[in-house]
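Below: one structure, written as structure tokens.
The values are calculated or read from the model by the stated rules, or taken from the named source; none is laboratory data. Here the structure is a predicted model, which means the values were calculated and not measured. Cβ atoms come from the backbone with ideal geometry, glycine included; neighbour counts cover every protein chain shown.
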Amino acid sequence: MNKAKQPVSFRSRRELYHADTCDPLVAAARRGDLGLAAFGRGTYPGARLSPRSLPELCSVGVWDARADQPWGLGWHRNEGIELTYLAAGHLNFAVDRDSFKLEPGDFTITRPWQKHRVGNPNVTASRLIWVILDVGVRRPNQAWRWPAWMLLEPSLLRPMTVKLRHNERPVWKADRNLARCFEELAASCSQPFSPTHCTRVKLLLNGLWIALAGLLTTRRMKLDESLSSAERTVRLFLEELRARSDEPWTLAAMAEQCGIGRSSFSEYCRQQTNCTPIEYLTRCRLEHACQLLGSEPARSITDIALACGFQTSQYFATVFARKFGRSPRVWRGDRNCG
């Protein structure tokens, strides 16, 4: 099963993303633990898609595991919107804070900002079909850009886009039409990817999205415009900032990351944290520093300062003492004595 050596990288303004590698899945296929047929780019598994062939298609494939597996796909995000369909078996699936037990006939929808995993922790016997399509978004407030080869009429495409943006329910039950489209795509993955076959895959993908648009028109959905708001984008960014506080953030960079102006970003940040953006960033860095000071007693103060995003150990010590009334060294000693 061919794969690129490095993960697919994709940027949203200043942010660098890396696609899921699917390494456990590929290793299982190489061991013969399951059947796998796919087309993909980057580190997605399967036969390589050429740059000019359906460029927005990241991955399409199917796995067929006839027995429980000793692996799972841990928490990850994708650069595109991902659809999966469980054709057989049962499968544990989680999105953000919600967990699900997928049953045959269930399909899932996840967006690039939705962290998800498959297996808990391992994958059970199952047959799963998936499609990942890049629609040009990384954050909820960005406008979706569908591929030029998408044949759906605006009267279908616009309302489907609204429903996918304003409702993030991740698990649905497929109808017969959608299930058939997934199965036809799965069958196409076992054939060589020639120009003729590329045309067939394009038609099948269009059929899949047409079926999804039709299904969504028949399902009652509660739409929430705030899901695609700038305020929510800022909230998601601030949640991630704790794990990325070591990066050289400025107010302008944080605002640009969210696709809004500095004044609006500062206002949303104050509403949600009661701090200015720089104050909140410093708070995140100090929390990280306290964690490292306690968990790595042999690590130098300078190393910890740099690891937490402070430019110098002197500035770190000044900010730390201002917050806690003690230097980092004294704080660490008092904690160890206690």
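Data table
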| item | result |
| --- | --- |
| Exclusive hit being in contact with a Cys (Cβ under 9 Å, 6 or more places away or on another chain) and either closer than 26 Å to Phe193 by Cα or not assigned by TED's automatic domain parsing to the domain that holds Phe39 (or both), set Glu79, Glu56 | Glu79 |
| Positions within region 164-185 being surrounded by 15 or more Cβ atoms within 10 Å (Cβ to Cβ) and in contact with an Asp or Glu (Cβ under 9 Å, 6 or more places away or on another chain), in sequence order | Arg165, His166, Asn167, Glu168, Pro170, Val171, Trp172, Ala174 |
| Matching entry among Ala94, Ala186 (being in a helix (DSSP H, G or I) and either aliphatic (A, V, I, L, M) or more than 23 Å from Asn206 (Cβ to Cβ) (or both)) | Ala186 |
| Within region 78-103, tally of residues that are charged (D, E, K, R) and buried (at least 16 other Cβ atoms within 10 Å of the Cβ) | 2 |
| Qualifying residues in region 104-133 (those that are buried (at least 21 other Cβ atoms within 10 Å of the Cβ) and within 12 Å of the chain's Cα centre (by Cα)) - the one nearest to Asp64 (Cα to Cα) | Ile132 |
| Some residue of region 94-114 being touching a Pro at 6+ places or on another chain (Cβ under 7 Å) and more than 29 Å from Val234 (Cβ to Cβ) | no |
| Where a residue in region 72-93 is modelled with pLDDT under 95 and its partner, wherever it lies, is of a type in the set (Phe, Trp, Tyr), with Cβ under 6 Å and at least six apart | Glu79/Phe10; Glu79/Tyr17 |
| So Ile304, is it surrounded by 13 or more Cβ atoms within 10 Å (Cβ to Cβ), more than 16 Å from Thr250 (Cβ to Cβ) and either among the β-branched types (Val, Ile, Thr) or at pLDDT below 95 (or both) | yes |
| Among (1) without any contact (Cβ under 8 Å) to a residue 60 or more places away in the chain; (2) under 18 Å from Arg111 (Cβ atoms); (3) assigned to a helix (DSSP H, G or I), the one test that Arg200 misses | (2) |
| Strands (runs of 3 or more DSSP E) fully within region 98-174 counting 3 or more residues that are of a type in the set (Val, Ile, Thr), touching a strand residue (DSSP E or B) at 6+ places or on another chain (Cβ under 7 Å) and touching a residue at least 12 places away in the same chain (Cβ under 8 Å) | 106-110, 126-133 |
| Leu54 being within 19 Å of Cys189 (Cα to Cα) and more than 16 Å from the chain's Cα centre (by Cα) | yes |
| Those residues of region 259-288 which are outside any helix (DSSP H, G or I) and over 19 Å from Arg232 (Cβ atoms), in sequence order | Thr276 |
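Conditions (1) touching a residue at least 40 places away in the same chain (Cβ under 8 Å); (2) surrounded by 15 or more Cβ atoms within 10 Å (Cβ to Cβ); (3) in a helix (DSSP H, G or I), marked per residue:
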| position | (1), (2), (3) |
| --- | --- |
| Ala211 | no, yes, yes |
| Leu236 | yes, yes, yes |
| Glu239 | no, no, yes |
| Asp246 | yes, no, no |
| Gln257 | yes, yes, yes |
| Cys290 | yes, yes, yes |
